[in-house]
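Take a look at the structure below.
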Amino acid sequence: MNPLLQVTGLARAFRDPDGSLTPIIDIPSFAVLPGEQVAIRGASGSGKTTFLNLIAGILKADRGEILVDGHNLTVLPESARDRLRARTMGYVFQNFNLLQGYTALENVMLGMLFGVGVDAGRAKALLERVGLGHRLHHRPVQLSLGQQQRVAVARALANHPMLVLADEPTGNLDQHHSAEAIELIREVCREQNAALLLVSHDPAVVERFSRVEDLLEFNHAATGHSAPPAVPA
């Protein structure tokens, strides 16, 4: 089986205020198979969010390749990266990133604008699947944190993604709701036949996965083995 996601020689550094470069990501090789569920653990500030944002095409790599469904994100212009992300990926952000002026249903429908097209029936069905059929017309401020996270999960799955990225998806939840949220994300991804790549610093979260990778172990930048080339000022 060919990997759905294949990362090779991926590097990203950030420029400090004094002009020096701090390498954040330097990953020789990493892959995720179709339908596979992978957890990556790492302490806060270790580069987990940067890694996901590179895979999503939100950040551009300094060097290396990111192949998603055979398409090399790193050679595409921003507009093409946006289209590929909308077509192949869903993203569950730590802070949910819901639009406060819109209802739960509208937030999911807005997530469809750049993908397969707006489908109110699918948006409603996804919200019902995550237990929010009775909160379709509630705005985020009228929802609990756990309910907001469920809206974010429904939105991430709105465009039938092949790959779902989850960035510390339980960071704002208590232990009980955290366990529920992880099982919900994993179950819905299985139902949708979507691969899942989740990053977390919480041992209680990552221990639920059969495949767990430690960012410090495969990220050379974290151990000082190498550094990416300088990025332009």
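The values are calculated or read from the model by the stated rules, or taken from the named source; none is laboratory data. Quick caveat: nothing in here was measured; it's all calculated off a predicted structure. We place every Cβ from the backbone using ideal geometry, glycine too, and count neighbours over all the protein chains shown.
Data for the structure
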{"read-out": "Candidates HIS201, HIS137, HIS176, filtered to the one that is at pLDDT 95 or above and farther than 15 Å from MET89 by Cβ", "value": "HIS137"}
{"read-out": "Residue list for the range 64-93, filter: within 21 Å of ARG211 (Cα to Cα), buried (at least 19 other Cβ atoms within 10 Å of the Cβ) and out of contact with any Asp or Glu (no Cβ under 9 Å at 6 or more places or on another chain)", "value": "ILE66, VAL68, MET89, GLY90"}
{"read-out": "Test result for VAL108, surrounded by 16 or more Cβ atoms within 10 Å (Cβ to Cβ), out of contact with any Phe, Trp or Tyr (no Cβ under 8 Å at 6 or more places or on another chain) and either among the aromatic types (Phe, Trp, Tyr) or within 23 Å of SER200 (Cβ to Cβ) (or both)", "value": "no"}
{"read-out": "Test result for ASN159, out of contact with any strand residue (DSSP E or B) (no Cβ under 9 Å at 6 or more places or on another chain) and of a type in the set (S, T, N, Q)", "value": "no"}
{"read-out": "Residue, nearest to GLY64 (Cα to Cα), within the range 1-49, restricted to residues that are assigned to a strand (DSSP E or B) and among the small types (Gly, Ala, Ser)", "value": "GLY9"}
{"read-out": "Residue match in the range 47-63 (condition: touching an Asp or Glu at 6+ places or on another chain (Cβ under 8 Å), of a type in the set (Phe, Trp, Tyr), buried (at least 21 other Cβ atoms within 10 Å of the Cβ) and within 25 Å of VAL212 (Cα to Cα))", "value": "no"}
{"read-out": "Residue in the range 108-121 that is within 20 Å of LEU184 (Cβ to Cβ) and part of a loop (DSSP other than H, G, I, E, B) present", "value": "yes"}
{"read-out": "Number of the exception - THR22 against (1) within 22 Å of TYR91 (Cα to Cα); (2) surrounded by fewer than 22 Cβ atoms within 10 Å (Cβ to Cβ); (3) among the β-branched types (Val, Ile, Thr)", "value": "(1)"}
{"read-out": "The listed residue being crowded, with 20+ Cβ neighbours inside 10 Å and over 21 Å from PRO34 (Cβ atoms), out of ASN172, ASN159, ASN219", "value": "ASN219"}
{"read-out": "Residue list for the range 139-158, restricted to those being part of a helix (DSSP H, G or I) and among the charged types (D, E, K, R)", "value": "ARG150, ARG155"}
{"read-out": "Check on SER200, of a type in the set (Ser, Thr, Tyr) and touching a helix residue (DSSP H, G or I) at 6+ places or on another chain (Cβ under 8 Å)", "value": "yes"}
{"read-out": "Residue pairs meeting the criteria (Cβ under 7 Å; at least 6 apart or on separate chains; first closer than 15 Å to ALA56 by Cα, in the range 1-22; second part of a loop (DSSP other than H, G, I, E, B) and not hydrophobic (A, V, I, L, M, F, W, C))", "value": "LEU4/PRO34; LEU4/ASP69; ALA11/ASP62; ALA11/PRO228; ARG12/ASP62; ARG12/PRO228"}
{"read-out": "Selected residue [at positive phi and under 15 Å from the mean Cα position of the chain (by Cα)] from GLY47, GLY64", "value": "GLY47"}
{"read-out": "Lone unmet requirement of (1) over 26 Å from ARG208 (Cβ atoms); (2) within 16 Å of the chain's Cα centre (by Cα); (3) among the β-branched types (Val, Ile, Thr) for ILE40", "value": "(1)"}
{"read-out": "Unique residue being of a type in the set (S, T, N, Q) and closer than 18 Å to HIS160 by Cβ when the list is THR88, THR74, THR22", "value": "THR88"}
